[in-house]
Amino acid sequence: MSTYFVPAGSDFSADDGSAVIAVTCNPDPLGSAPPDNADVLSAPSADDLLSVTLAAQPMGAAWRSPDGVAPDTTSRMARFWRAVSTPFADLYARLFDISQESTSVSIVESLADWEAEYALPGPCAPFDPDEAARLETLRLTVRGQSYVTPAEFTCLVVSMGHGEVVIEEPAPFRCGESRLGSDHRLGNAAMPYEWVIHLDTPFITHFACGTSELGIDRLTDFGRASEVECRVNAVAPAWTRPVFSYALAAD
């Protein structure tokens, strides 16, 4: 028997009564809507910094009003310090922008640097001049570095546009646990390390007289999710071997 992982809402059921676990995936897995981590110093104005600047002046009547009295923000001195604060306001805004380049979900200017770090474009992601496509490829690559569980790989495949996916963890026959004559399979030595990704095939073609060629066209052929296979193989745990099955009914 096996354990199956499917996206939440799937109508898949196991014929042999194996456990089927529904996985709820993040509706925005690639972070197209980055978190809002701005604060009062993310993009301050000169007026926002004026009170700090005035408070940092030396003590004494020549620099500020007497103790306990709020400084006059319309005075000549205040206007001078407001002008001095303007480049610091620009500096704060720029520093915040730079901090946003530290995560793949919020980058604006350093896309090329991130691509160089993750060796993109690569075999699973040919070059695409469209910036949105490049960002999606980068975020898929970054998130894929941490995937370990079947549930996480289920959501990875879903995020690549394959809503009909079933991931199976086969269970080999075990003495003392399994029963002869039941749905428990004998399996082989590699089965504990294998997991199966069941996908819809995008198309099925059959040999047709008059259009197909002997020695070239197969009697029956099907489309493969080449990008999914490449990505999953690239980030699958090293001690496992993913197996791809296109047995699900094609649309």
- Item | Fully extended contour minus Cα-Cα distance, from GLU131 to SER212, at 0.36 nm per residue | 25.2 nm
- How much FRET efficiency would the formula 1/(1 + (r/R0)^6) give for ALA22 and SER110, where r is the Cβ-Cβ distance and R0 is 45 Å, rounded to 0.05? 0.75
- Item | For PHE222, distant residues with modelled amide H under 5 Å away | THR205
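Could you grab the relative contact order for the range 69-168? Cα pairs under 8 Å, six or more apart, rounded to a whole percent. Present the calculation step by step, with values, prior to reporting the outcome.
Working: 39 pairs, mean separation 14.3, N = 100.
Relative contact order here is 14 percent.
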- Message: Given contacts defined as C-alpha pairs under 8 Å and at least six residues apart, what's the relative contact order of the chain, whole-number percent?
- Response: 20 percent
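Based on the mean of other beta carbon atoms within 10 Å per residue, what is the order of 157-165, 211-219, 111-119, most packed first?
Put in order of decreasing packing, that is 157-165, 111-119, 211-219.
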- Would you mind working out the magnitude of the charge dipole of the chain relative to its Cα centre, with +1 at each Lys and Arg C-beta and -1 at each Asp and Glu C-beta, to the nearest 20 Debye? 720 debye
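Can you give the helix-only mean residue ellipticity at 222 nm for the chain, where every DSSP H stretch with n ≥ 4 adds -39500 (n - 2.57) and the sum goes over all residues, rounded to the nearest 500 deg cm²/dmol? Can you show the working numbers first?
Numbers: 6 runs with 75 residues, N = 251.
About -9500 deg cm²/dmol.
Cα gyration tensor of the chain, axes a ≥ b ≥ c as square roots of the eigenvalues: rounded (a/c below 1.5), prolate (a/b > b/c) or oblate? Walk me through the numbers on the way to the answer.
Values: a/c = 4.14, a/b = 2.55, b/c = 1.62.
Prolate is the answer for the chain, as a/c is 1.5 or above and a/b outweighs b/c.
I want the antiparallel fraction of DSSP beta bridges within the chain, as a percent rounded to 5.
Details: 12 of 24 bridges.
Close to 50 percent.
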- Item | For HIS198, residues with placed amide H under 5 Å, excluding near neighbours | VAL166, ILE167, GLU168, SER245
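No lab work stands behind these numbers, since they all come straight from the coordinates. Nothing here was measured: the structure is a model prediction, and the numbers come from that model. Cβ coordinates were reconstructed from backbone atoms using ideal geometry, including for glycine residues, and neighbour counts include every protein chain displayed.
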